[in-house]
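Novice: The structure under discussion is supplied below as structure tokens; questions concerning it will follow.
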Amino acid sequence: MNDLLCIDIQKSEEERILFLGKVTYLNNDVMQNTPFYMASVRLLTGGCLLLCAIRLSAIKADSIINIPASQCSNSSDCYPAGLNGTSVPAKYINCSNQKCVCSDCFYATNSYKSCAYQRCWEYDKTSQTCYDLRKDQRTAFLLSLFLSALGAANFYIEQNVIGGLQLATFLGVPIIILGGWMLYLQLIKPCNVERNTLDKLLIWPLNVSYLIWIVMALMWWVADIVTFTENLSVSGDGCPLKHNLGS
């Protein structure tokens, strides 16, 4: 009985191996000889070659863009419009390594092909000198430190609206207080009204107004000190302040 069982198991194993071999041969034969298989292989190969060609073209284009071309041969090639035929000192405009080097009242364009006028600066052709038109940070800070309530710092940097509000706060509130007191003395007090009652009614709002005035003046002062210490403000023409507080 055991011998018969072993024979059946061995026979079944041989048949299974033979069947798998036939299937594998058949699959290989079909894949290698059908047009679909060959077309798929060619399509995949062509796609890979196309992607490689695109990638190489992109790398070549990047390398061409990143290679700086010749921009200038002498300083006059870098002059902005309006300065042709004149002479600009080399400390302002110069051609170095075929690139335009610009400073102070000029700046180099993105391609380093030429120089352009710097905002908030002015170049005088007669004296061949650059002038910085920016307002001075140190001056603005000192004005805010001692005359902030009058809006002196903001008037200096041509921020006239803010300076006017500061001046109105500093002078307007005392005028209101003084006007109210004068009205009381000239019009109301001579009337037949008990004096103590009027004094109590007027002194309290006048004192509150005086306190508000002090608080608002302190707030303007602190705001100015922080603004000009950190150089957070710009002048009325949009130019930043010349950073020289710590120098």
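Novice: Just to verify a result, which residue in segment 128-145, among those that are under 26 Å from the mean Cα position of the chain (by Cα) and assigned to a helix (DSSP H, G or I), is nearest to Ile162 (Cα to Cα)?
Specialist: Here the residue is Ala140.
Novice: Looking at segment 206-235, which of its residues are outside any helix (DSSP H, G or I) and closer than 29 Å to Pro174 by Cα?
Specialist: To start, the set of residues in segment 206-235 that are outside any helix (DSSP H, G or I) comprises 230-235.
Matches in segment 206-235: Ser233 only.
Novice: Select, from Phe155, Phe170, the only residue that is within 21 Å of Leu218 (Cβ to Cβ), at pLDDT 95 or above and part of a helix (DSSP H, G or I).
Specialist: That would be Phe155, the only listed residue that is within 21 Å of Leu218 (Cβ to Cβ), at pLDDT 95 or above and part of a helix (DSSP H, G or I).
Novice: For the structure I just gave you, tell me whether Ser148 is closer than 30 Å to Thr169 by Cα and not aromatic (Phe, Trp, Tyr).
Specialist: So Ser148 passes the test.
Novice: Between a first residue in segment 81-102 that is over 13 Å from Ser114 (Cα atoms) and a second residue that is open to solvent by 50 Å² or more (accessible area, probe 1.4 Å), which pairs have beta carbons less than 6 Å apart while being 6 or more apart in sequence or on different chains?
Specialist: Thr86/Lys125; Pro89/Gln128
Novice: I'd like the residue in segment 105-154 that is among the aromatic types (Phe, Trp, Tyr) and free of Cβ contacts under 8 Å to residues at least 12 places away in the same chain and, out of all such residues, is surrounded by the fewest Cβ atoms within 10 Å (Cβ to Cβ).
Specialist: The residue in question is Phe146.
Novice: Restricting attention to segment 203-223, does a residue exist that is modelled with pLDDT under 95, open to solvent by 90 Å² or more (accessible area, probe 1.4 Å) and closer than 30 Å to Cys120 by Cα?
Specialist: Checking segment 203-223: at least one residue is modelled with pLDDT under 95, open to solvent by 90 Å² or more (accessible area, probe 1.4 Å) and closer than 30 Å to Cys120 by Cα.
Novice: With a cut-off of at least 2 residues that are polar (S, T, N, Q) and modelled with pLDDT of 85 or more, name the strands (runs of 3 or more DSSP E) lying wholly within segment 46-117.
Specialist: Qualifying strands (runs of 3 or more DSSP E): 93-96.
The values are calculated or read from the model by the stated rules, or taken from the named source; none is laboratory data. Here the structure is a predicted model, which means the values were calculated and not measured. Neighbour counts are summed over all protein chains in view; Cβ atoms, including those assigned to glycine, are modelled from backbone coordinates with ideal geometry. To get the accessible areas, we keep the full protein, side chains included, count just its heavy atoms, and leave off ligands, DNA and RNA. Shrake-Rupley method; radii C 1.70, N 1.55, O 1.52, S 1.80 Å.
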